[in-house]
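Have a look at the structure below before the remarks.
Where a number appears in this text, it was derived from the coordinates with a stated rule and is not lab data. Note that the coordinates shown come from a computational prediction; the quantities given were computed from them, not determined experimentally. Here the Cβ is made from the backbone with ideal geometry for all residues, glycine too, and neighbour counts use every protein chain on show.
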Amino acid sequence: MTDKKSIDSLLSRRVAEIVGEKELRTKLKSGQPLRIKHGVDPTTPDLHLGYSVNYLKMRELQDLGHTVIFLIGDFTGRFGDPTDKSQARELRDPKTVKDLAQNYIKQALTILDPQKTEIRYNSEWYDKMDAEELIKLMSHFTYSQIFERDMFQERLKHKAEIGFHEPVYPILQGYDSVMLEADLTVIGTDQIFNEMRGRDLQRDFGQKPQAIIAVPLLVGLDGKQKMSQSLGNYIGIRESADEQYGKIMSLPDELIYTYFEMVTNVSNDDLAAIKRELKSAQTNPRDLKMRLGHEIVKMYWGEKEAKKAESNFVNVFQKKSTPTDIPEIKLKKPTLLVDLLVDNDMAASKSEARRLIEQRGVRIDHKPVTDTNYLVEGTPGTIIQAGKRKFIQLG
């Protein structure tokens, strides 16, 4: 059995909304092992801290003895969820989706307990479903039920197209819950509509409807919009320790408490103390951000790397010196600076590298370089810096 205090804590922190709370509390109190569904459509190579809010909540449930079914939408991911999209997504081939899925699994298991995580793929049932079965599944819903969604109404209002395949998505996401016999799903608040369809279908198929725990959508580093790679306001789960720490230090002060609550495991007592400190005029928010950066880096890279990232940040940004342990590379021949930046993951593309150089964001031996045709000769000991946190040294 799980005591009431533990259940209250579980159902409050990192929780925005619960559907079926009474039944869920009864199940949690009984100690009955639950099957917890969490589905993802692989769309990008990496996961960010916005996803981690879900995984940390599921890890809490795993620590109470429950099993997480980490469902890869390798079928639904081929055409994508229309939620919050102003236009239809491009279709993708199965291999691309499968390749991206492997990165998702590896990164999610840095938080989830591998021993209590079951990996499934929804192509298991959808690749075998024929047209008649699909039409029968669609017949469980009406046009008005599906098209009441805000983004469809917005598109109709602005005369934007809606693909025939898009309204089918929430039905398929809901049917995943039937196939997995889910007791509970943990998702972001933007997925409530889709998972409510799961409850509808489970009733129709003679199952008890799943409960839904909806976690808040984490606001990104811009302090305005939800964390997203496409918006560039994200912190990646597997970004380097220095990159994670540096990004946290750029966080708006008003998000400090939210990040402590949502993406770290500090205790509830510590959270209360942090809230008091933030209200105190004697507290420098920078000090709390440094602690936050340490907590986050420690979760993904360990205590040693967290201390090193903190030291590097202090050296680079407060003492204006160079970080320790700079990656060393050797040049066999003179190389264009643009190519060097791209080849060493200091810029995502040549266009980004040129933009960095033109904006005085690249330094060689601490001096800005603005020539996009600059040729790096390869002198040993030369230090190249891109942006605020990326360094290499020539060997």
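In the chain, the DSSP-assigned H stretches of four residues or longer account for a calculated mean residue ellipticity at 222 nm of -12500 deg cm²/dmol, using -39500 (n - 2.57) per stretch and the full residue count as denominator. Each of the peptides 39-52, 187-200 was scored by the mean count of other Cβ atoms within 10 Å over its residues; in descending order, highest first, they stand as 39-52, 187-200. Maximal additional length on extending the E377-H165 stretch stands at 70.9 nm, based on 0.36 nm per residue less the C-alpha distance.
What fraction of the DSSP beta bridges in the chain is antiparallel, stated in percent and rounded to the nearest 5? Around 45 percent of the beta bridges assigned by DSSP in the chain are antiparallel ones. Quick one: of the DSSP bridges fully inside the stretch 324-395, what percent are antiparallel, nearest 5? The answer is about 85 percent antiparallel. Between the beta carbons of D46 and S351, assuming R0 = 25 Å, the FRET efficiency works out to 0.75 to the nearest 0.05. For the stretch 49-71 versus the stretch 110-143, the inter-centroid distance based on Cα atoms is 20 Å.
Shown here: P(r) over Cα pairs in 20 Å bins from 0, in percent, derived from the displayed model; of the candidates (i) 27, 56, 17, 1; (ii) 23, 50, 24, 2; (iii) 29, 52, 18, 1, it corresponds to (ii).
Each peptide in 298-306, 374-382 gets a packing score, the mean of other Cβ atoms within 10 Å over its residues, and the list from highest to lowest is 298-306, 374-382. For K136, the lysines whose Cα comes closer than 18 Å to its Cα, not counting residues fewer than 8 places off in the same chain, are K128.
Cross-link partners of K116 among lysines, defined as those whose alpha carbon lies under 21 angstrom from its own and excluding same-chain residues fewer than eight positions apart: K27, K29, K37, K57, K106. Within the listed set S311, S139, S177, the Gaussian network model of the chain (springs between alpha-carbon atoms below 10 Å) gives the highest mean-square fluctuation for S139.
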